[in-house]
1. What number of residues in region 142-166 are open to solvent by less than 20 Å² (accessible area, probe 1.4 Å) and either under 27 Å from Ser205 (Cα atoms) or touching a Ser or Thr at 6+ places or on another chain (Cβ under 6 Å) (or both)?
2. Six or more apart or on different chains, Cβ under 6 Å: which pairs go from a residue in region 63-83 that's touching a residue at least 24 places away in the same chain (Cβ under 8 Å) and within 14 Å of Leu102 (Cα to Cα) to one that's open to solvent by less than 60 Å² (accessible area, probe 1.4 Å) and part of a loop (DSSP other than H, G, I, E, B)? Could you list them?
3. Among the residues of region 318-326, are any under 24 Å from His224 (Cβ atoms) and either touching a Cys at 6+ places or on another chain (Cβ under 6 Å) or charged (D, E, K, R) (or both)?
4. Pairs under 7 Å by beta carbon, first residue among the charged types (D, E, K, R) in region 248-263, partner open to solvent by 20 Å² or more (accessible area, probe 1.4 Å), six or more apart or different chains?
5. What is the one condition in (1) aliphatic (A, V, I, L, M); (2) modelled with pLDDT under 95; (3) open to solvent by less than 20 Å² (accessible area, probe 1.4 Å); (4) in contact with a Gly (Cβ under 8 Å, 6 or more places away or on another chain) that Leu627 does not satisfy?
6. Can you spot a residue in region 343-354 that is open to solvent by 60 Å² or more (accessible area, probe 1.4 Å) and of a type outside the set (S, T, N, Q)?
7. Six or more apart or on different chains, Cβ under 8 Å: which pairs go from a residue in region 457-471 that's without any contact (Cβ under 8 Å) to a residue 40 or more places away in the chain to one that's assigned to a loop (DSSP other than H, G, I, E, B) and open to solvent by less than 10 Å² (accessible area, probe 1.4 Å)? Could you list them?
8. Can you pull out the residues in region 503-549 that are of a type in the set (Gly, Ala, Ser) and within 26 Å of the chain's Cα centre (by Cα)?
Amino acid sequence: PFPSLFPFSSPPYKSFRRRRIRFHAILLPLSIDTTDMPTTASASFTSGADGGPTSLVARLSSGDPDVKLRALREVKNQIIGSKTKKLGYIKLGAVPRVASILSAAIADGDCFQPAPAASPRGMLGYSSNVVVQSAAALGSFACGFDEGVQAVLAAGALPLLVRLLDHPDDKVVDVGARSLKMIYQSEFAPKYEILERKSLEFLVSLLNREGENVTELGASIIAHSCRTVEEQKTMLEAGVLKRLVSFLDGSVGQRDASLGSLAAAFRNNAEVITEFMGPHGGKPFNAIFRLTVDSNPKTRLLACQCLIVIRNATDCYVQELGFKRKLVTTLLELLDDPGQVGDECPFVLSSLVEGKEDLHKIALEADAMVKLRNCMDKENVNPRRLRGVLLALADLCSKLESCRSTFLSMKVLKPLTGFLNHKEEDIRIAACTCLKNVTRSVKNLCAGYFMKNEALVNALILLLTDASEEVQVAALGVVSNIVVDFTTHKSMFVAHEGMQQLFCLSKSMVPAVRSNALRALRNMTFLADDKCKEAIYLGMTPSLIANLIRDDELSVKEQALALVRNLVDGSVGSIEQVFADDSIILDAVGSQLQCCPNAEVLLQGIYVLGNIACGNEIHKEAVTCLLFPLAGRGPEPFFVNFLLSSDSRLRLATIWVLINLTLPSPGALKRQERLQNEGVLSIVRSMVNDPCLDVKIRVRTLLTQTEHFGDF
C-alpha cells in the first residue's frame, strides 16, 4: 500500500553515486496539461512526425537513447488536452512502457547525481531529462482522466513518482509533485494512511517544503484521503490545519489546494471546527470568507464549498442571513462560468440548499430557479453540469410548494421529460430525482397534472425496463408520487401497461427495486376503487404477496404490508381476498407481528388487522382468533407489548384494532366479553391518561363502547 513507501530511508535501488552525470543540451518543457486544450492537426492521434501511434509507441522501447527520448516527448505533447489520444495510447500499451523508462532511469542512478556547478541554466543530464519527460508524460495521462489514472497506477508508476520527491534537482522534484497531484485529484487514487506515524511525518514534511507544487501535493493528498473523524483530529493535533490556513495567502494553486483540504478536514466534524476556529478568534473563518470575492472563479467556488461544509457541520458559523445570501449570490454568478467551475457549481449550490427551507426562500428570491433553467437551455451543455443543475433544482423543490409552483410555471416539464431519455445514465437518474420532488405537489396531484401528461407517463414506464437498476429505482420514486393523484386518471398508467411493469419489478432480485415497486403499488391503491384493487389481486397471487411479506429485507416487508393495508381498506369484497388460499396472506401478517423486531413493519401489520376488523363478522372473528388463539390463555404476547409500547404509533394502531372489533355488530357483545375476560380492557383502562393525545382520545372512545362491563 501507498503509506509503506514513506519515508525512503532504504530505497530498493542501487547506489546513485557510481557514475558522473552526463548531460545533453535538451531544454526541459514541463507541459503537464490542466485543461482539455485543443491540439493542432500535426499532433493528431492518426499521425506523427515519424509514423503513426503504433510506431511511436514501439520507439519507446528503442535501444537508441535519443530515439527513446524523442518518442517520450512526442507522446507527451500529443496527449496534452486530448482524452481521445490518451485513451488511444493507453490501448496501445504506452503507459507501461513510459513507466518502465522511468523505472530504468531511476535504477540507473545517474539522474540522482547533483548537476555540476557549471551546468547551463535550464539544462539537465540525459538521465534526468528522461526522468522529467517520462514523469511529465505519466502526469499528462492522469490529468483529468480517470482511465489514465488507472493505467498509471496499474503500471506501478506511483512509487516511482514519489521517489522523485527526493531528487536533488528542484525541476525533477517539481515534475514529480505535479504528476502525483494529477493522480490525487482522481477518486481512483489510493488512500493515503494518514494515521501511520511515518506517513504523517512525510505528509507534514511535504507541507513544510518551499516548492509550491510539493506543498500543493501534500494538500491534495489530505483532500483525497482525510475521511474519518480520527483522521480529522490527527490533522488538527499535528498542526496541519494551521499550516493549510497559511497557504490561503499563497499562490492560486496553494489557496485552492488548501481550501479543498480544509473542507475534507472539517466535513461533518463540529468538534474539529470549533476547536480550530475558537482559539484563533475566527481568523481562519474570515480568511476563507474573504476568498469568496477572489478574482479567480475556482478559488471563489472552493471558498464557498469550504464555508458550506463548515455551516453544515456546526451552528456557530455562516448562520447570519447576510452570509447565506452572499453564498447564494456568489454561486449563482459562478453558474455562468463556461469551464469546470461552472460544471461543478450546481453541485456546490445543491449541498448548500439541501433540506433547508430558509435557503430555498433565499435562492428563490435570487432567481436561482430561472438561472438554473437557463443552464438547461444552452446548446451542448456538459453532461456533468446538466446533472448538477437537475440535482440543484431537485433540492430546491424538495420542501416548498412555492418553489414547485415556480418550477412548473417556467414550462420546464417538457424538457425534463426529454432528459428521461438521455443517453447518460446519471442524467436519467437526476431527471427522475428532480421529478420526484416536483411531483410531491399536492395541488398539482389533485388536479391530475402529471398523470394526464401522456409523454411523461410513457417515458417513466419505459424507464421501468431500463438496463440500470439505479434508473429503475429512481423512476419508481416518481411513479410512486404520480399514481397518488386523488383522481381517476390512473387509467392512463394502467392502459400503458405501467401496472404490469410494477408487478414484474416486485419480483426483482434487487431489494431496492422490489421495495420501490411495492411502494408504487401501495400508493396506487390509496383511495382506489374495487376495480383497481381487483387488477392488483389478479396481477399478484396470494402466495407472491405472502412471500413478499416474509421477505428477508425489512423495507420489502414494510411496503408489502402497507400494500395489503390499502387493499383491505374499503369494501368487504376487497377484504375477502386476504382469506384466499387458506388465508395465506393473513397468516403471513400474523407471523410478522409475532417475530419481526422492526417498528415500521409492525405498524403496517397491525393496521392491516385494524382494516380487516372493519369487515363482516367472519373477518372480525378471524382477527380475534389471531389475537386470542386459545381461550383463557390471554392475548398473544405481541399484542400486549404493542399496548404497552414506548412507540405511541403502535399504541394508537392497536387501540384502533380493538375499537373496530367492538363496533356495534351481531358478534360485538361476545368479543367485548372476551376482551374483558382476557384482561385486555384492564390494560386499556390504565391508558386513560396516555401522554399521547391521539392515544388518549381513542382509549376513551374504546372504553365508552365497553362501559357496561364495569367501573373504569
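The values are calculated or read from the model by the stated rules, or taken from the named source; none is laboratory data. None of these values were measured; they are calculated from a predicted model. So basically every Cβ, Gly included, is an ideal-geometry build from the backbone, and we count neighbours across all protein chains shown. Calculation scope for accessible area: heavy atoms of the full protein, side chains included, ligands and nucleic acids excluded. Shrake-Rupley method; radii C 1.70, N 1.55, O 1.52, S 1.80 Å.
1. Going through region 142-166 one residue at a time, the tally reaches 12.
2. Lys68/Ser62
3. Within region 318-326, not a single residue is under 24 Å from His224 (Cβ atoms) and either touching a Cys at 6+ places or on another chain (Cβ under 6 Å) or charged (D, E, K, R) (or both).
4. So the pair list comes out as Asp256/Lys298; Asp256/Leu302.
5. Exception for Leu627: condition (4).
6. yes
7. Filtered contacts from region 457-471: no entries.
8. Ser506, Ser508, Ala512, Ser515, Ala517, Ala520
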